[in-house]
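Structure first, then comments.
Any read-out appearing in this document is the output of simple, stated calculations on the displayed coordinates, not a laboratory observation. Because the structure is a prediction, the values reported are computed rather than measured. Counting neighbours? That spans all protein chains shown, and the Cβs are built from the backbone with ideal geometry, glycine included.
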Amino acid sequence: MRVFFDNCTSPVLAETLNGYLRHRSDSASHIRDLPCGRHASDLDWMAYLAGTGDDWLVVTGDKRIHNNKAERAAFRQAGLKGLVLAAGYQKTPIHQQASFLIWRWPDIDGLLENLRPPFLFEIPMKRQAGFRQLPV
């Protein structure tokens, strides 16, 4: 599996998670490091991810994906899996964001095992809180 972080997230999250995932032969990348580039629109990076043929998990801080009709349709058509970081992440220091994301990764793995794409869940900034499904 490959994990994609968009422009609404810090490259530090992608780099930290990539270090954690490498031992499983998985990887994490920030949009700035992919051929579609940092200035790609949401529709562009969704098309890029779909075109690679890889198994992607999108991590974003942009909850608007599930509100915008064109983006929702593109997300569905690309068959993507997604996690939206709750608003609490934006108010949290980056080192705590990274540690929390890694701390919750076993829960994320469990979620990924039981669902088929496309789907989008919000991941709260609380250790014991469950994920909230968002419409796609």
### Query
Expressed as a rounded percentage, what relative contact order does the chain have, with Cα pairs under 8 Å and six or more residues apart?
24
### Query
Going by how many other beta carbons lie within 10 Å of each one, how would you line up Met46, Met125, fewest first?
Met125, Met46
### Query
Once the convex hull of the C-alpha atoms of the range 29-136 is built, how many Å³ does it hold per residue, rounded to a whole number?
107
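Among the DSSP beta bridges whose two residues both lie in the range 2-134, what percent are antiparallel, rounded to the nearest 5? Show your work: numbers first, answer last.
Values: 3 of 20 bridges.
The antiparallel fraction comes to roughly 15 percent.
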### Query
Using the count of nearby Cβ atoms within 10 Å as a rough guide to exposure, how do His95, His30 rank from fewest to most?
His95, His30
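In nm, what is the difference between 0.36 nm times the number of residues separating Ala47 and Lys126 and their Cα-Cα distance?
25.2 nm
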### Message
On a straight-distance basis, which lysines could pair with Lys91 in a cross-link, Cα separation under 26 angstrom, same-chain partners fewer than 8 positions away excluded?
### Response
Lys63, Lys81, Lys126
### Message
Once you keep just the Cα pairs under 8 angstrom separated by 6 or more residues, what percentage relative contact order results for the range 54-121?
### Response
43
### Task
Give a quick list of trypsin sites (Lys or Arg not before Pro) in the range 59-136 that DSSP marks as loop, anything other than H, G, I, E or B, with at most 13 other Cβ atoms within 10 Å.
Lys126, Arg127
### Query
Taking neighbour counts of Cβ atoms within 10 Å as a proxy for exposure, in what order, fewest first, do Thr60, Thr92 appear?
Thr92, Thr60
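Quick check on the chain: helices-only [θ] at 222 nm, where DSSP H runs of length 4 and up contribute -39,500 (n - 2.57) each and the sum goes over total residues. Nearest 500, please.
-11500 deg cm²/dmol
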### Query
Cα gyration tensor of the range 67-118, axes a ≥ b ≥ c as square roots of the eigenvalues: rounded (a/c below 1.5), prolate (a/b > b/c) or oblate?
oblate
